[in-house]
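Below is one structure, written out as structure tokens, with a few remarks after it.
The values are calculated or read from the model by the stated rules, or taken from the named source; none is laboratory data. What you see is a predicted model; the values in this text were computed from it and never measured. Because the Cβ atoms are built from the backbone with ideal geometry, glycine has one as well, and the counts that use them run over all protein chains shown. When the accessible area is computed, the model is the full protein with side chains, heavy atoms only, and any ligands, DNA or RNA have been set aside. Shrake-Rupley method; radii C 1.70, N 1.55, O 1.52, S 1.80 Å.
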Amino acid sequence: MTLDLCSVNEGVALITLDRPPLNTLGLPLRRHLDDALHAAMADDAVRAVVITGAGRGFSGGGDITEFDLPSGGHAPLPGPQLDQLEASPKPVVAAMHGFALGGGLELALACHARVAHANTQVGLPEVQLGLVPGAGGTQRLPRLIGVEQALNMVLRGSTHSAASLRDSGLFDRVTDGDVVREAMALARALADSGVLRRTGALPCRMDNVQAFTAFVRGGLKTAPGGSTAPLACVDCVEAAATQPLRKGLDVEAAAFQRLRHSPQFAGLRHVFLAERRAAHLQDLPPGTQTRQVRRVAVIGGGTMGSGIAMAMANAGLSVLLVERDPAVLERALRTLRAHYESLAQRGKLSSETAFARIALVAGAVDYDGVSQADLVIEAVFEDLAVKREVFERLDAVAKPGAILASNTSMLDLNAIAAFTRRPQDVLGLHFFSPAQVMKLLEVVRGADTAPDVLATAMALARKIGKTAVVSGVCEGFIGNRMLESYLMQAGLLLDEGALPQQVDRAIEAWGMAMGPFRMCDMAGNDLGAKIRAARIERDPTRVYSGTFDRLVALGRFGQKAGRGWYDHISGQRTPTSSAEVQALVEAQSAQLGLQRRAISDAQIVDRLLLALANEGFKILEEGIAQRASDIDVVYTAGYGFPRWRGGPMFQVEQRGLGDVLAAMQRFSDGPAYQRADHFWRPAPLLVRLAEQGATLHSLDNTSEAA
Ligand code: NAD
């Protein structure tokens, strides 16, 4: 046996999956596994085989970057390779630690026995990428743990610790000890017994399986045009319970092939990879170290401050919440306690954990304790004078090297940094509401922010489970700046002939979580009016529909007032459209001398989407976003953009930039747009790329190489 393929110990060959960081099963690792297995089978001294993973885990699964490459189609392909492994005459045992996900778990399922460390995370997450497991997972898992539990895991794409599945039948042994040693011992025992348990040969039965799967199908909500992967998962698991293994594997393979060519998979894969890319800072000097963050101070105990405190406590960080108003502080701490107690009561957290999290948060009405903090996050009123007062004070009391962050949504971060004598330690951490829930975190890089401060913020984001994107300084950063163009366009659609409910319905049917007018009602139309006024003061050429101001003049402030773009009747979940609002919209068109016309849903969607993307190109050109795919992450993680559509920049890239330019030209030709002509002026970067026949993707590659 060639020693570099595997080592042999008392008749057991140990094959190590070694492809850092995740041991993904791309072609090189599949080839290595194939060669090593062949060598082991051919070697008479080998009686059994153990497969383990090097480094942090067993295997993170297939390599999704390989799908479009020729190597993705090269033998050994995952499915046939695992069928062969299962048929092996010598026992093969999987020794798992860390993680065994997707194709990694499928490999373990095809082995004749499985030993896992109790902490190993296992799961088949393919459905989250719009796929079904493609290497026998839907056929072998139900044979080991039963149809119902397997379908649950496959449908949710959830991961579980081996300890929690100890009695499921998935593992032959779950241990806190040395998995490889125990797997070797088991492999020897299996070789001695001469009995091999092949997963695929096990029966897979369930009484009334068709009734069960029909029930599950009935409960699946498929967004229009959204992923059909969940339904395909049900088909595959049903096939496992009703057909012979070979037929079931064929059903799975056909579903996998169909889904991997679907636009949903393309979008979901794009976002999956974009999120990982976003975590990397492009120009970080090599060897940059992060600063230590153990204690956090949050200034301001309002909506955002209390949410941020919870986000920190959830990650085990100790928090001092500083609020100038004792009554507000008391309320914030009460709400925080009630939140954790309710989680414990509903069984979502153990009471021990809930109590520990409550104990991590202390409150104060003075800044005395702030000097202990490694990181201070300011979340006081959105007013530069108030921010000045707070940052001057922080500059005086914070310890040297402490990171000073602002949660400002719109203010100039460089101006805030200049209130201190340490602008290198200042950055923006723009959380979204509710901060303990929303995934997105915009990390705002000031002109002087030090690289290690940025690197620390990105590491902190990972620790607290946020999806971080770096943004430069501009009004509204990436997300809110683009949102403003989107809302502006939504208003212009009203002037021309649409009604708020039609705009919302069209874009929600397309997949957005919430249409622009429902969103404005939720955020508060009075707040929107303030933001608009400030923007128009700075840039009078901005074209907002007058309907926004007419609405506020009527006191239709939104949900909180019971009336906004819609009537919000208490006790009713869905808002109702309002005749008063319709009259207001029509009056505005009349005032502009516009003949209202029918606008198709398709055009509504197009105009909203291109409004977003055009601003995205400007943001990219100005260097506010590091890469186009970061913009997609902002929109999918923070603004309810459907993940399976991949984000606004992915959408226009797929469509073709030349076509996008032509559509924008058509929109600006409409009579209603003479007054809003510059709205559709294309971003110079868009024009340049379209003229060169280049793609956003090529831009990402160039800038990353630079
Ligand atoms: P809020 O009005 O709910 O809370 C602000 C709190 O700060 C108040 O409780 C106030 O008493 C306190 N405060 C004011 N001056 C203080 C001082 N000197 N020291 C200590 N506490 C002080 O406001 P919010 O919605 O939580 O917003 C806070 C910041 O977060 C703003 O900059 C806002 O733009 C930003 N933001 C808000 C949202 C949102 O959806 N609400 C989202 C992202 C960012």
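The set of residues in segment 159-176 that are of a type outside the set (D, E, K, R) and either at positive phi or free of Cβ contacts under 8 Å to residues at least 24 places away in the same chain (or both) comprises S164, G169.
The condition (being basic (K, R) and farther than 26 Å from D452 by Cα) is satisfied by just one residue among R421, R331, R393, R388: R331. The sole residue among D34, D18, D63 that is of a type in the set (D, E), at pLDDT 95 or above and closer than 23 Å to L249 by Cα is D34.
Set side by side, the residues T449, T456 differ, and just one is in a helix (DSSP H, G or I), among the hydroxyl-bearing types (S, T, Y) and either more than 14 Å from the ligand (Cβ to nearest atom) or without any contact (Cβ under 8 Å) to a residue 12 or more places away in the chain (or both), which is T456.
Residue by residue, here is whether (1) of a type in the set (V, I, T); (2) part of a helix (DSSP H, G or I); (3) surrounded by fewer than 17 Cβ atoms within 10 Å (Cβ to Cβ) holds:
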{"residue": "R324", "(1), (2), (3)": "no, no, yes"}
{"residue": "L336", "(1), (2), (3)": "no, yes, no"}
{"residue": "K348", "(1), (2), (3)": "no, no, yes"}
{"residue": "A354", "(1), (2), (3)": "no, yes, no"}
{"residue": "A362", "(1), (2), (3)": "no, no, yes"}
{"residue": "D366", "(1), (2), (3)": "no, no, yes"}
{"residue": "S371", "(1), (2), (3)": "no, yes, yes"}
{"residue": "E389", "(1), (2), (3)": "no, yes, yes"}
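Let's see how each residue does on (1) modelled with pLDDT under 95; (2) β-branched (V, I, T); (3) open to solvent by 70 Å² or more (accessible area, probe 1.4 Å):
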site	(1), (2), (3)
Q210	yes, no, yes
L220	yes, no, no
A223	yes, no, no
T228	yes, yes, no
E238	no, no, no
T242	no, yes, no
L245	no, no, no
G248	no, no, no
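Please indicate, with yes or no, whether at least one residue in segment 417-433 is in contact with a strand residue (DSSP E or B) (Cβ under 9 Å, 6 or more places away or on another chain), within 27 Å of G640 (Cα to Cα) and away from the ligand (no atom under 14 Å from the Cβ). Yes, segment 417-433 contains at least one residue that is in contact with a strand residue (DSSP E or B) (Cβ under 9 Å, 6 or more places away or on another chain), within 27 Å of G640 (Cα to Cα) and away from the ligand (no atom under 14 Å from the Cβ).
Scan T541, T547 and give me the residue that is within 24 Å of M664 (Cα to Cα), open to solvent by 30 Å² or more (accessible area, probe 1.4 Å) and among the β-branched types (V, I, T).
Values: T547 fails: open to solvent by 30 Å² or more (accessible area, probe 1.4 Å).
Being within 24 Å of M664 (Cα to Cα), open to solvent by 30 Å² or more (accessible area, probe 1.4 Å) and among the β-branched types (V, I, T) holds for just one of T541, T547, which is T541.
Within segment 391-411, the residues that satisfy the criterion of being open to solvent by less than 40 Å² (accessible area, probe 1.4 Å), touching a Ser or Thr at 6+ places or on another chain (Cβ under 9 Å) and in a loop (DSSP other than H, G, I, E, B) are A398, A402.
Taking the criterion of being under 28 Å from N119 (Cα atoms) and open to solvent by 40 Å² or more (accessible area, probe 1.4 Å), the residues of segment 25-61 that qualify are P28, H32, G55, R56. Against the numbered list (1) open to solvent by 40 Å² or more (accessible area, probe 1.4 Å); (2) more than 18 Å from K439 (Cβ to Cβ); (3) in a helix (DSSP H, G or I), L284 comes up short only at (3).
Only residues that are within 22 Å of D677 (Cβ to Cβ) and touching a Pro at 6+ places or on another chain (Cβ under 7 Å) were counted in segment 466-512, giving 5.
For segment 287-305, which residues satisfy the criterion of being open to solvent by less than 20 Å² (accessible area, probe 1.4 Å) and assigned to a helix (DSSP H, G or I)?
G305
Just one of the listed residues (A490, A435) is part of a loop (DSSP other than H, G, I, E, B), out of contact with any Lys or Arg (no Cβ under 8 Å at 6 or more places or on another chain), buried (at least 24 other Cβ atoms within 10 Å of the Cβ) and at pLDDT 95 or above, namely A435.
For E475, state whether it is within 26 Å of the chain's Cα centre (by Cα), charged (D, E, K, R) and not in a helix (DSSP H, G or I). Yes: the conditions hold for E475. When the test is whether a residue is crowded, with 21+ Cβ neighbours inside 10 Å and more than 34 Å from the chain's Cα centre (by Cα), M153 does not pass it.
Taking the criterion of being over 23 Å from R681 (Cα atoms) and either assigned to a helix (DSSP H, G or I) or among the polar types (S, T, N, Q) (or both), the residues of segment 631-650 that qualify are V633, V634, T636, A637, G638, R643, W644, R645.
Filtering segment 559-570 to residues that are in a helix (DSSP H, G or I) and open to solvent by less than 70 Å² (accessible area, probe 1.4 Å) leaves only A561.
Go through segment 388-408 and give me each residue that's of a type in the set (V, I, T) and either within 13 Å of the ligand (Cβ to nearest atom) or out of contact with any strand residue (DSSP E or B) (no Cβ under 6 Å at 6 or more places or on another chain) (or both). So that I can check it myself, show each step before the final result.
Of the residues in segment 388-408, the ones of a type in the set (V, I, T) are 390, 397, 403, 408.
Correct list: V390, V397, T408.
For segment 373-387, filtered to residues that are near the ligand (Cβ under 8 Å from one of its atoms) and in a helix (DSSP H, G or I), the residue that is most open to solvent (accessible area, probe 1.4 Å) is V386. In segment 137-152, the residues that are within 17 Å of V127 (Cα to Cα) form Cβ pairs under 8 Å with partners that are assigned to a helix (DSSP H, G or I) and charged (D, E, K, R), at six or more places apart or across chains, as follows: G137/E106; G137/E126; G137/E252; T138/E252; Q139/E252; R140/E106. When the residues of segment 75-99 are filtered to those that are over 20 Å from F256 (Cα atoms) and assigned to a helix (DSSP H, G or I), which remaining residue is most open to solvent (accessible area, probe 1.4 Å)? Per the criteria, the residue is A87. For segment 304-352, a residue qualifies if it is among the hydroxyl-bearing types (S, T, Y) and under 24 Å from Q372 (Cα atoms), and the qualifying residues are S306, S318. Take the conditions (1) over 29 Å from P89 (Cα atoms); (2) of a type outside the set (D, E); (3) in a loop (DSSP other than H, G, I, E, B); (4) more than 26 Å from the chain's Cα centre (by Cα); P203 misses just one of them, which is (1). Taken over segment 301-316, the residue count meeting the criterion of being near the ligand (Cβ under 8 Å from one of its atoms), under 15 Å from V376 (Cα atoms) and not small (G, A, S) is 1. Among the residues of segment 317-331, the ones that are in contact with a strand residue (DSSP E or B) (Cβ under 6 Å, 6 or more places away or on another chain) and within 12 Å of the ligand (Cβ to nearest atom) come to 4 in all. A single member of E442, E475 is within 16 Å of the ligand (Cβ to nearest atom), open to solvent by less than 20 Å² (accessible area, probe 1.4 Å) and of a type in the set (D, E), and it is E442.
Between R573, R556, the distinction of being outside any helix (DSSP H, G or I) and open to solvent by less than 40 Å² (accessible area, probe 1.4 Å) belongs to R556 only. Residue check: H697 meets all listed conditions (1) at pLDDT below 95; (2) in contact with a His (Cβ under 7 Å, 6 or more places away or on another chain) but one, namely (2).
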